[in-house]
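Shown next, in structure tokens, is the structure this report addresses.
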Amino acid sequence: MTTPLPSIPASPDGTPPSRELAFEGVGVDLAGVTVLRDVTVTLPQRRIAVIGSNGSGKSTFARLLGGLVAPSRGRVAVHGHDLVAERKQVLRMVGSVFSNPDAQIIMPTVAEDVAFSLRRRGLTREEVARRVTATLERYGLAERADAPAHSLSGGQKQLLALSAVLITEPALIVADEPTALLDGRNSRLISALLLDEIPQQLVLVTHDLELAARCDVAVRFEDGRLFEVDDPAPVIARYRRDLG
Amino acid sequence: MIALYRPGTSPLHRLPAGPKLIALMLLAIAITVFASNAWYIAGASALVVAGYFAAGFGPLEILRQLWTLRWIVAVTLITQVIFLPLPVAATNTGRVVTVVMLATLVTLTTRTSALLDAVERGLGPLRRIGVDPARVGLVMAMTITVVPVIAGYAASIRDAQRARGAKPRLRILVMPLLVMSLKHADELGDALVARGAE
Amino acid sequence: MKFDVRDLARIAVFAAIIAVLGIPGAIPIFGNAVPITAQTLGIMLAGAVLGAWRGAAAVVVFLLLVLVGLPLLSGGHGGAGVFVGPSAGYLFGWILGAFVTGAIVHAGHRRPTWWRTALGCVVGGILVIYAVGVPVQAFVTHLPLGATALSSTVFLPGDLIKAVVATLITMGLWRAYPRAFGDQVRVTPAAKVDATVR
């Protein structure tokens, strides 16, 4: 795949733009319960696996980056932009993919749904149409452009969801269990795309430890705390041992 | 979802959707208010039939549309006959059928997307009271997307209950349907936020 | 009344629920002349669950989709015809009906109770809808108001059953999934924690 690197504005002093995710003393309370606490970590790697048991806080971590929950304490910066102070800008830099493909489709047909991502971006009708066609061709959905989105297979729906995210050329993709509801073949297709083909930085929340092993770094959460950050191999090995 | 629109190239098909809807409403009210004797109604229904022919629909299509109105005819006629003399009841029923057939002609000759646009434009003046037509359009499109998903939930709930030998009843069907659907709504809300629709 | 994007998702999903309730549970008493189906159950639930404004908005979106030609009314009816026929007033009454149901069930942002939910479903889901529907039906069919009102009582038993079912479902949903009611109700902390932690 030959997608150019998404353009990230250079800093005024000419230093190369940061591609780091930076967390400083971050905590999240939801309805009076602390679901994430004291997260301090800097992640410059391209592929970041996030693992941990259910309720460990790993999904909250992803939702934080996707702008779906706000930090109650601390500071989050995505490629140098503050998540709270520059929320609009950060939301445009981050694309989120979830497990349920049905719940990510907003417009009735494939092409309309992909085009939905480009609304309010000040693009002409022609430019939107051109980008939609190019994106659908790249991800093998061109033939289904005018098909009702719900008529796609599960794997194609997830491909559509991913296309609708990638068309905006985000700098960071946050994928929360993107293959959980897919069969083996589609799961391999989507994970190959995320891990090997796109140039964007990727935060991949997953229970699939084989996927985690293919990332550049693994982050493990337990009980709402950051448990450890290291190369995937040792983190996964310890996690397997703890699971018994 | 199959829309009721029938493609065609007649002058009626080519009329813009907004004016067509407005003309329909005015005509429908005029016929309803003023057509009080059989002659007027005969004239109005002749015009409507002419409209069907002009739009390229044959007698068969007219009969098919009339057949879909059979219950309206039956209920209107029966309730009228109880209270009014037969000729008056027949006149009134004829007028109702004429008006509904006229409206159906608009539906048959206008693309759903054109009507959607017309509705969005028609809502423009409501901006002053805080209605955003673009948002209404978005919610309408989302509803079209979601109907098959919710229908799928309903079917799977029915199947699951049948598999357990339970007789599907309205209440035990709708309760889980609401829970699944509203969870879906929350996820959809996440997707809207994530995709920058805030 | 300002809706955020999560509200839009719930409104779209509820409009779709009303549409889906028209597919299986249609109980055609006298056919579909005056819609007597599970869809009025959906109207009551829209108000009772989403509240007055969002519930009414869901009904408006549903009716707009019917207007633009989608066959979403039970029995596959739709298009402009239903808005000029005898049942037009009942359809318009649905909007106000959902609003009043929601206003009563959630009066003062309190949690729904048995008696308030039942009252809301009967007043909003039956009385208000008839209050709008009967005069319009009399206007369209030229049948005197009193006679129209009398004839419409045929549908009353079915509607009362639906009000009972809507009340049972609403209270069941309140216990099983309070999150469904959104932020319009001040949920007790314990219940909310239970429902929001993923």
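The values are calculated or read from the model by the stated rules, or taken from the named source; none is laboratory data. Treat the numbers as computed from the prediction; the structure is a model and nothing was measured. In this analysis, Cβ positions are derived from the backbone assuming ideal geometry, glycine residues included, and neighbour counts consider all displayed protein chains.
What number of residues within the range A:119-165 satisfy the criterion of being in contact with a strand residue (DSSP E or B) (Cβ under 8 Å, 6 or more places away or on another chain) and part of a helix (DSSP H, G or I)? Don't jump to the end; show me each part of the working.
So the first thing to find is which residues in the range A:119-165 are in contact with a strand residue (DSSP E or B) (Cβ under 8 Å, 6 or more places away or on another chain), and the list is A:145-149, A:158, A:161-162, A:165.
Applying the additional criterion that residues be part of a helix (DSSP H, G or I) yields A:149, A:158, A:161-162, A:165.
Final tally of qualifying residues: 5.
Starting from residues that are of a type in the set (Lys, Arg) and modelled with pLDDT of 90 or more, keep the ones in the range C:1-23 and report whichever is surrounded by the fewest Cβ atoms within 10 Å (Cβ to Cβ). Steps first, please.
Of the range C:1-23, the ones of a type in the set (Lys, Arg) are C:2, C:6, C:10.
Keeping just the survivors that are modelled with pLDDT of 90 or more gives C:6, C:10.
Details: C:6: 18, C:10: 28.
Only one residue tops the list, namely C:6.
What's the total number of residues in the range C:138-173 that are over 23 Å from residue B:181 (Cα atoms) and either more than 10 Å from chain B (Cβ to nearest Cβ) or surrounded by fewer than 16 Cβ atoms within 10 Å (Cβ to Cβ) (or both)?
Looking only at that region, the number is 15.
Which of the helices (runs of 4 or more DSSP H) found entirely inside the range C:35-137 contain at least 3 residues meeting this: closer than 28 Å to residue B:64 by Cβ and within 10 Å of chain B (Cβ to nearest Cβ)?
Result: C:52-67.
For the range B:98-198, which fully contained helices (runs of 4 or more DSSP H) count at least 3 residues that are modelled with pLDDT of 90 or more and farther than 30 Å from residue B:47 by Cα?
Counting at least 3 such residues, we get B:133-163, B:170-194.
Of all helices (runs of 4 or more DSSP H) completely enclosed by the range A:174-244, which ones contain at least 1 residues that are within 20 Å of the chain's Cα centre (by Cα) and within 20 Å of residue A:99 (Cβ to Cβ)?
So the answer is A:184-192, A:209-213.
Would you mind finding the one in B:192, B:115 that is in contact with a helix residue (DSSP H, G or I) (Cβ under 8 Å, 6 or more places away or on another chain), crowded, with 20+ Cβ neighbours inside 10 Å, facing chain C (nearest Cβ under 7 Å) and touching a residue at least 40 places away in the same chain (Cβ under 8 Å)?
B:115
Can you tell which of B:8, B:56 is under 22 Å from the mean Cα position of the chain (by Cα) and either of a type in the set (Val, Ile, Thr) or at pLDDT 90 or above (or both)?
On the way: B:8 fails: either of a type in the set (Val, Ile, Thr) or at pLDDT 90 or above (or both).
Answer to the check: B:56.
Taking the condition more than 8 Å from every other protein chain (Cβ to nearest Cβ), surrounded by fewer than 21 Cβ atoms within 10 Å (Cβ to Cβ) and not in a helix (DSSP H, G or I), does residue B:56 pass?
Working: more than 8 Å from every other protein chain (Cβ to nearest Cβ): yes; surrounded by fewer than 21 Cβ atoms within 10 Å (Cβ to Cβ): yes; not in a helix (DSSP H, G or I): yes.
Yes.
Going by what's in this entry, would residue B:75 be described as more than 24 Å from residue B:19 (Cα to Cα) and either outside any helix (DSSP H, G or I) or among the β-branched types (Val, Ile, Thr) (or both)?
So residue B:75 fits the description; yes.
Scan the range B:82-94 and tell me whether some residue there is surrounded by 14 or more Cβ atoms within 10 Å (Cβ to Cβ), out of contact with any strand residue (DSSP E or B) (no Cβ under 7 Å at 6 or more places or on another chain), modelled with pLDDT of 90 or more and under 30 Å from residue B:9 (Cβ atoms).
Scanning the range B:82-94, I find no residue that is surrounded by 14 or more Cβ atoms within 10 Å (Cβ to Cβ), out of contact with any strand residue (DSSP E or B) (no Cβ under 7 Å at 6 or more places or on another chain), modelled with pLDDT of 90 or more and under 30 Å from residue B:9 (Cβ atoms), so the answer is no.
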